[in-house]
Amino acid sequence: MASELRVNTLKDAAGNNSVALSTVAPGTPKGFCHFNQTTPAIVNSLNASSLTDTAAGHGAVNWTSAMSNANYTCTTGNQTVAATAAYAVVLNDDFAYVTRTASAWSFNSYYINGSGNSAFDSSSAICTAMGDLA
C-alpha cells in the first residue's frame with residue numbers, strides 16, 4: 001500500500017533549523033550519471049537510462065524521466081589521466097553530434113594541452129543534472 005507524506009516545512013530533531021520544502025525540492029539533483037565512455041557503459045546513476053556514443057569524446061546521457069525543458073544545468077567531472085594535462089567534460093555545443101534536449105544531456109570529453117584540445121573517450125566521467133522534471 002502506497003502512502004504519502006505531505007509537509008510544508010522540514011525541521012531538525014530539536015525543532016530548529018527549518019527550511020521550506022519549496023526550497024529543498026528545486027535545489028536537489030534530478031539525475032546523475034557516472035559513466036565509462038570507452039565501453040560505453042553507465043557505472044552508477046539516478047534517472048539515467050542509457051548512453052549515446054556518437055564519436056570519440058562525444059555522446060549523450062539519456063534521462064529516464066525528462067527535464068521540463070532543455071535549460072537545466074549539469075555539473076561535470078572527468079578522470080585525470082596525467083598530472084601534466086587537464087581534462088574536461090563540457091556541454092556539447094557542436095550540433096554535428098547530439099543536441100541537448102529535455103531528455104538527453106550531450107557532452108564532449110576533451111584532453112586540453114598547449115597545442116589545442118583533443119576529444120577522447122573517458123573511462124570515468126560524471127554529470128549531475130539540476131533543474132525541474134517534466
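Sorting the segments 104-111, 43-50, 21-28 by their residues' average number of neighbouring beta-carbon atoms within 10 angstrom, most packed first, yields 104-111, 43-50, 21-28.
Near the amide H of Val43, within less than 5 Å, lie the amide hydrogens of His34, Phe35, Asn36, all on another chain or at least 5 residues away, with H placed in the peptide plane. For Ala102, nonlocal amide neighbours, meaning residues 5 or more places apart or on other chains whose placed amide H falls under 5 Å from its own, are Ala70. Taking 0.36 nm per residue of sequence separation and removing the Cα-Cα distance, the Thr75/Leu21 pair yields an extension gain of 17.1 nm.
How much FRET efficiency would the formula 1/(1 + (r/R0)^6) give for His34 and Ala56, where r is the Cβ-Cβ distance and R0 is 22 Å, rounded to 0.05? The computed FRET efficiency comes out at 0.65. The distance between label points at Leu46 and Ser123 comes to 2.8 nm (points 7 Å beyond Cα on the Cα→Cβ vector).
Can you list, bin by bin at 5 Å, the percent of alpha carbon pairs in region 6-77, starting at 0? Pairs per bin, as whole percents: 3, 12, 19, 18, 13, 10, 9, 7, 5, 2, 0.
The numbers here are math on the coordinates, done by the rules we state, and not lab data. As the structure is a prediction and not an experimental result, all values here were calculated from the model. A quick note on method: Cβ atoms are made from the backbone with ideal geometry, for glycine too, and the neighbour counts reach across all protein chains shown.
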